[in-house]
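Worksheet: one structure, shown below.
The values are calculated or read from the model by the stated rules, or taken from the named source; none is laboratory data. From a predicted model like this one, the values you see are computed outputs, not experimental measurements. Cβ placement follows ideal geometry from the backbone for every residue including glycine, while neighbour counts extend to all protein chains displayed. Ligands, DNA and RNA are stripped out before the accessible areas are found, and what is left, the full protein with its side chains, is counted by its heavy atoms. Shrake-Rupley method; radii C 1.70, N 1.55, O 1.52, S 1.80 Å.
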Amino acid sequence: MEERVLVTEPIIPSVIEKLEEHFQVDVGNRGDYNDEESLIEVIPKYDALLPMLSNPVTGEVIAAGDRLKIIANHAVGYNNIDLETARKQGVFVANTPDVLTESCAEFTIGLMLAVARRFFEAQRYLLEGKFEGWEPLGFLGKELNGSRLGIVGMGRIGTAVARRAKALGMDILYHNRSRADRQIEKELEARYIENVQDLIPKSDFISLHCPLTEETEHLIDEESLENMKSDAILINTSRGPVVDEAALAEALHEGTIGGAGIDVFEYEPEVHPRLQTAPHCLLTPHMASASHKTREAIGMLAANAIIDVLEGKDPSEIPNLIQP
Ligand code: GLV
């Protein structure tokens, strides 16, 4: 019997073609599997699942997967997957590290620049016909050069952001569960701050690159927003629930922080209505890895893990397996 793979949404076609060389592949329509019930209904037919981060691969879904051998997430973050149940059932789980690091870091710097130098407000002003010539006091912003960047989560993406930020003349502070290796600190002239709440008031920009866990949920809450500098800019390209979105919206409306660039939301795809009208705030639809090249590499890495597992390769030779 030919093995069957479910890809929950259309992805870059060359990835689907690659999987089709090995298996029978079904591809869902956009949004078909954003709820648990629809996955539970179909999962018994499949040997492998290639889900998006918007698909809740819960314990119930995995338990219903009688033939399921591998879940290869189309993302580096895997908070949508119940790892514990997968481990108990002996189902392999893979993610897509490394391939999206540069794309996400580049996008993060883009958000910092766009918010600090007010690109989107300025374009709106121009298109509304308000531009009447060069203005000495028009759109004064904040420079990255000479500013201090506080990075929360110094993993692959945080480090790649720090490298770019240093090249732009920023001074780097960082917080991470464990201290980065001294060589990296030296290269980036980055200072480790053991307690994240001590990093917040010292930073002109704060960029979040931590995974979503019980410890990081609402890490940026009302209190930490109050501790930010009054002109600090918050950037979030990690996971929405790391920030209390309602509290962020209030801080922006009240002008107690300088601005925000937000790519991920607490209740995606919903965006808090107060955030939508907040000043100095650039909102983008969870797209930090969205370049053609990177999305193809993400898909290929996930597809290769499926091919390797279903074809019986030694798991220790599959680099992007998270477990078992
Ligand atoms: C995107 O958010 C990812 O985790 O890859």
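A few points about this structure:
- Per-residue extension of 0.36 nm, minus the Cα-Cα distance of F119 and K88, leaves a gain of 6.2 nm for this segment.
- Computed over the range 101-283: relative contact order in percent, which uses C-alpha pairs under 8 Å that are six or more apart: 20 percent
- Amide H within-cut-off set for R191, under 5 Å, with H built and near neighbours excluded: I172, L173, Y174
- Here is the P(r) of the chain: all C-alpha pair distances, binned every 10 Å from 0, give 6, 25, 30, 22, 13, 4, 1, 0 in whole percents.
- Average accessible surface area per residue within the chain, 1.4 Å rolling probe, Å²: 48 Å²
- Candidates H175, H292, H74: whichever shows maximal mean-square fluctuation once the chain is modelled as a Gaussian network with Cα springs under 10 Å: H292
- Each label point was placed 7 Å from the Cα along the Cα-to-Cβ direction; for K293 and K130 their separation is 3.7 nm.
- Extension gain, Q24 to N79: 0.36 nm times the residue separation minus the Cα-Cα distance gives 17.1 nm.
- Here the 3J(HN,Hα) profile of the range 279-285, calculated from phi with Karplus coefficients 6.51, -1.76 and 1.60 at θ = phi - 60°, is x, 6, 9, 9, 10, 10, x Hz, Gly and Pro shown as x.
- Of the GluC sites (Glu not before Pro) in the range 1-103, the ones in a loop by DSSP (not H, G, I, E or B) with at most 11 other beta carbons within 10 Å are E2, E21.
- Near the amide H of V93, within less than 5 Å, lie the amide hydrogens of I71, I322, Q323, all on another chain or at least 5 residues away, with H placed in the peptide plane.
- Note: relative contact order over the chain, using C-alpha pairs below 8 Å and six or more positions apart, is 18 percent.
- Accessible surface, 1.4 Å probe, highest first, among residues V76, V27, V42: V27, V76, V42
- Loop-located trypsin sites (Lys or Arg not before Pro) in the range 1-51, at most 13 other Cβ atoms within 10 Å (DSSP): R30
- Ellipsoid fit via the Cα gyration tensor, the range 147-239: semi-axes of 19, 15, 11 Å, each the root of five times an eigenvalue, largest first.
- Treating each Cα of the range 101-283 as one equal point scatterer and applying the Debye formula with no solvent, the log10 of I(q)/I(0) at q = 0.10, 0.14, 0.15, 0.16 Å⁻¹ comes out as -0.37, -0.73, -0.83, -0.94.
- Full-stretch length increase - L168, S230 - with 0.36 nm per residue and alpha-carbon distance subtracted: 20.1 nm
- When S203, S316 are compared by accessible surface with a 1.4 Å probe, the order from highest to lowest is S316, S203.
- From phi via Karplus (6.51, -1.76, 1.60), per-residue ³J(HN,Hα) for the range 248-255 in Hz, x at Gly/Pro: 5, 4, 5, 4, 5, 5, 7, x
- Qualifying GluC sites (Glu not before Pro) in the range 180-245, where qualification requires a DSSP coil assignment and no more than 16 other C-beta atoms within 10 Å, comprise E189, E194, E214, E215, E217.
- Near K229, the amide H atoms lying under 5 Å from its own belong to S203; only residues 5 or more places off or on other chains count, and H is placed 1.01 Å from N.
- Applied to the range 178-193, the Karplus parametrisation 6.51 cos²θ - 1.76 cosθ + 1.60 on θ = phi - 60° returns per-residue 3J(HN,Hα) values of 10, 5, 5, 6, 4, 4, 5, 4, 5, 4, 9, 6, 9, 9, 7, 10 Hz, with x for Gly and Pro.
- R4-E270 FRET efficiency (beta carbon distance; Förster radius 35 Å; 0.05 resolution): 0.60
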